[in-house]
Every structure is written in C-alpha cells, then in structure tokens.
Amino acid sequence: MPEYAQAQGTTLATALVQSLLMGNGQFCTSPGLWLVPHGQEQFEATAARAIEAAPSDTLLTPRILSSFDKAMDELKRNPHVSTLACAQQSQPFHANAHLFACEAEDFIKDASLHEEVFGPSALIVRYRDEAQLLSVVEQLQGQLTASVHATNAEVAVQETLLDELSYKVGRLIFGQMPTGVEVCGSMNHGGPYPSSTDVRSTSVGIQAMTRFLRPLCVQS
C-alpha cells in the first residue's frame, strides 16, 4: 500500500528479493508478483540492484530451466513489459534472476502475464489507485499465498481488498514474506485452483491428514 511503500520501500524491496531468491526462486511460495503503487522509484531501484547482484544457480531439472528460459524470452519480447534488472549468468546451465515491470491496465488485459514463472523472476505491476489495485486482484487465479504490506491505518480501511484476497489464496499474510516460515501444525499450504487441485485441504500442517481420510460409520 502507498503509505507503507513510502516509509518502508527500501527495506521491503530488499526483503522481497531475499524471499524471491530462496532456493534460486524454487520455493512454491516465492513472491513472483508484486503489486506496487506508481511512483516508487526508490523501491524499484533498490530491488533492481539486489537482483543484479544475485548469483546464478541451477534449477531442479534441465526441463525446468528450459521452461524458465522460455518464460524469460517471452517476457522480454512482450511490448508491455520492461526489464528492470537481470543478474549475470555464470554458467550456461544456470538460471539467473530477473525483475520485470508492467502497468496494471496491461496486466489486466494480457492473460499471458498471469502465468506463473517457476524460478528466480518477479513481475512488478504498477497500479495508480485502490480501484485499479482491486481490479488486478479480481483478475488473479488461485494462489497459495498473498502478503499485504501496509500501515495499520491502511489495513483498517481495506476491507473490500482483503475480502477479495481471501477468496484467492490459502494463506493471507500481513507484513511478512511467504517463504521461510515454520512448518507447524497450524500451517496452511494450499489454496484455490489452480494453486491446489483439492481446495479442501493443505499439504502441510495437521489438516493435511484430511487428504488421506474418509468418513466411516460403524453402526451397532
């Protein structure tokens, strides 16, 4: 949100890049889509410098690397997307970090920008006002997580936005990153389709047991 970005933009940009690059972007809750208000030059510059300094590394399989490289090429060719930063690729079999940006109106119109990229890449979507931010959120498909970075005052007046997000994700986070969390009984690692094929359960936490149980009635 704007007030938080203005006050904490530099710190937030650094934290987002650190979260993005965990496991070279291969955590399934890696923050790959950043909805950022217009005019946050310092935020974007800080994130770009961190991306450029990031070391390249391997991905899980050659096929995943091929898909990542294809997605990077498509984003670079998209006329509505600008490349803000690109890390050096130290080996040909490495994936190097990328940071892209687009306007909210272009994101809404271009369904290809909604596709997940598995690997060290993030897309900044610049929104002009709260109405446009809500329009972007309404376009999203199911996600595992969403993080809201806002002041207490901003959170207090965002009932509509938070309600919309609650239908899109399995875990709604305030002021924290989606990666690097404790694997514990209360953790929820699932969400609406297509982030999860069965939205009634989670793959982490106590409720994960429901994936393997069925009702049984024993009578008399």
ask   = Expressed as an acute angle from 0 to 90° and rounded to the nearest 10, what is the orientation of the C-alpha long axis of helix 62-77 relative to the principal long axis of the chain?
value = 50 degrees
key: Nearest 10 degrees, 0 to 90: helix 130-139 Cα axis against the chain principal axis   = 60 degrees
task = Could you work out how far helix 2-20 tilts from the main Cα principal axis of the chain, as a 0 to 90 degree angle to the nearest 10?
result = 80 degrees
query = So, in nm, how far is label Ser90 from label Ala53 when the simple model puts each one 7 Å beyond its Cα toward the Cβ?
reply = 1.5 nm
ask   = For Val148, which sequence-distant residues (separation of 5 or more, or a different chain) have an amide H within less than 5 Å of its own amide H, given hydrogens modelled in the peptide plane?
value = Ile173, Phe174, Gly175, Gln176
note = For segment 21-32, in residue order, the Karplus 3J(HN,Hα) values (coefficients 6.51, -1.76, 1.60; θ = phi - 60°; whole Hz; Gly and Pro = x) are 8, 4, x, 6, x, 9, 5, 6, 9, 4, x, x
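Over segment 64-147, what is the relative contact order in whole percent, taking alpha-carbon pairs under 8 Å and six or more residues apart? If you can, show how the numbers build up before the last one.
Details: 90 pairs, mean separation 21.6, N = 84.
Worked out over segment 64-147, it gives 26 percent.
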key: Interchain or long-range residues, amide H under 5 Å from Leu84's placed H   = Leu99, Phe100, Ala101
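Under the classification rounded if a/c is under 1.5, otherwise prolate if a/b is larger than b/c and oblate if not, where does the chain fall, given a ≥ b ≥ c as square roots of the Cα gyration tensor eigenvalues?
Numbers: a/c = 1.81, a/b = 1.28, b/c = 1.41.
It comes out oblate by the Cα gyration axes.
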key: Added length on full extension, which subtracts the Cα-Cα distance from 0.36 nm per residue, Glu138 to Gln6   = 45.1 nm
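Nearest 500 deg cm²/dmol is fine: what mean residue ellipticity at 222 nm does the chain get from its DSSP H runs of n ≥ 4 alone, each adding -39,500 (n - 2.57), divided by its residue count? Please report the intermediate quantities before stating the final value.
On the way: 7 runs with 76 residues, N = 220.
Rounded to the nearest 500, it is -10500 deg cm²/dmol.
All of the numbers you see were taken from the coordinates with simple rules; none came from a lab. Remember, predicted model here, so these are calculated numbers, not experimental data. Positions of Cβ are generated from backbone atoms using ideal geometry, with glycine treated the same way; all protein chains shown enter the neighbour counts.
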